[in-house]
Amino acid sequence: MNIAIILSGGTGTRMGLSIPKQYVEVNGIPVIQYCLKTLLGHKMVDMAVIAVADEWQDFVQQCVDRLSPKIPVYYSQPGDTRQGSIINALKVTKQKGAKDNDIVLIHDAARPLLSASLAADCINACKDADAVLPVIPAKDTIYLSRDGQHIDSLLERKTLWNGQAPEAFRFGSYYQANMNMTREQIKLITGSTEVSYRAGLKCVLIPGDPANFKITTQEDLSNFQAIVNK
């Protein structure tokens, strides 16, 4: 079984909006509904869990209802951090019958331009790995500076990659790796695959999609609106 976990617990405060960015309407459709359409209708996805705050669950349920998915959709509580939200969703996934060899596909609601092909690539690659991370190469020269004022070292650009979502994981090993972490360690996690890497699991990279960007700024939202309008 392949399970999609959609993270929609963020508040979007950095963008200065009155509502979380994933619920802003673009061409009359909430941002979250774009990736929901891809994942809930994907031929390889058998179940979905959406991490969402209580006050927005009815709103998200309306988005789900408009898509009329043929798979079961469940909800989980958001955590204090992104990884905390993932852990809550994993627990619901386990309660709903996930097995160790099942694959979980973790995606951000604020990445609306997810393609069905990238989701499939992540799932397929995870059949021979514990964790799969789609990446795109770094385009700019990256400098290491510990104080933000002086260059400490130059990093070799061809070895640097920008991680994306969705990330895919073998459910059993990923669940256990998260359960083995302390609350303090979980708070320091910045990327889902970091948990697998720290646990010594087999992590592989696959080509990502430059169009699959995350909406984090007003400029990102404007760019998404321009793409949709085309």
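Laboratory data are not the source of any read-out in this text; all were calculated from the coordinates shown. What you see is a predicted model, and the numbers here were worked out from it, not measured in a lab. Note: ideal-geometry Cβ built from the backbone for every residue, glycine included; neighbour counts use all protein chains shown.
Each Cα pair under 8 Å and six or more residues apart adds its separation to the average, and for the chain the resulting relative contact order is 24 percent. In this model, which of LYS43/LYS139; LYS43/LYS99; LYS99/LYS139 are farther than 28 Å apart at the alpha-carbon? Listed pairs above 28 Å: LYS43/LYS139; LYS99/LYS139. Couplings 3J(HN,Hα) of segment 181-188, computed from phi: 8, 7, 4, 5, 5, 4, 5, 8 Hz, in residue order, whole Hz [Karplus 6.51 cos²θ - 1.76 cosθ + 1.60, θ = phi - 60°; x for Gly and Pro].
Across the chain, Cα-Cα distances exceeding 32 Å account for 18% of all pairs. If you filter segment 1-77 for trypsin sites (Lys or Arg not before Pro), then keep DSSP loop positions with at most 16 other Cβ within 10 Å, what is left? Taking segment 1-77 and a limit of 16 other Cβ atoms within 10 Å, the loop trypsin sites (Lys or Arg not before Pro) found are LYS43, LYS70.
Electrostatic tally near ILE206: other residues with Cβ closer than 15 Å to its Cβ, Lys and Arg +1, Asp and Glu -1, net -3.
From the alpha carbon centroid of segment 188-230 to that of segment 149-181 is 11 Å. Among the trypsin sites (Lys or Arg not before Pro) found in segment 138-228, those both in a DSSP coil and sparsely packed, with 16 or fewer other Cβ atoms within 10 Å of their Cβ, are LYS139, ARG146, LYS202, LYS214.
Here the Debye sum runs over all C-alpha atoms of segment 153-196 as equal scatterers in vacuum, and log10 of I(q)/I(0) at q = 0.21, 0.26 Å⁻¹ comes out as -0.80, -0.97. Loop-located GluC sites (Glu not before Pro) across segment 104-211 with a Cβ neighbour count of 12 or fewer within 10 Å are GLU156, with loop assigned by DSSP. With the helix formula -39500 (n - 2.57) applied to DSSP H stretches of n ≥ 4, the chain reaches a computed 222 nm mean residue ellipticity of -10500 deg cm²/dmol. Only Lys, Arg, Asp and Glu carry charge here, each on its Cβ (+1 for the first two, -1 for the last two); on that basis the chain has a dipole of about 340 debye about its Cα centre. When the chain is described by a simple charge dipole with +1 on each Lys and Arg Cβ and -1 on each Asp and Glu Cβ, the residue from ALA98, SER115, LEU144 located farthest towards its positive end is ALA98.
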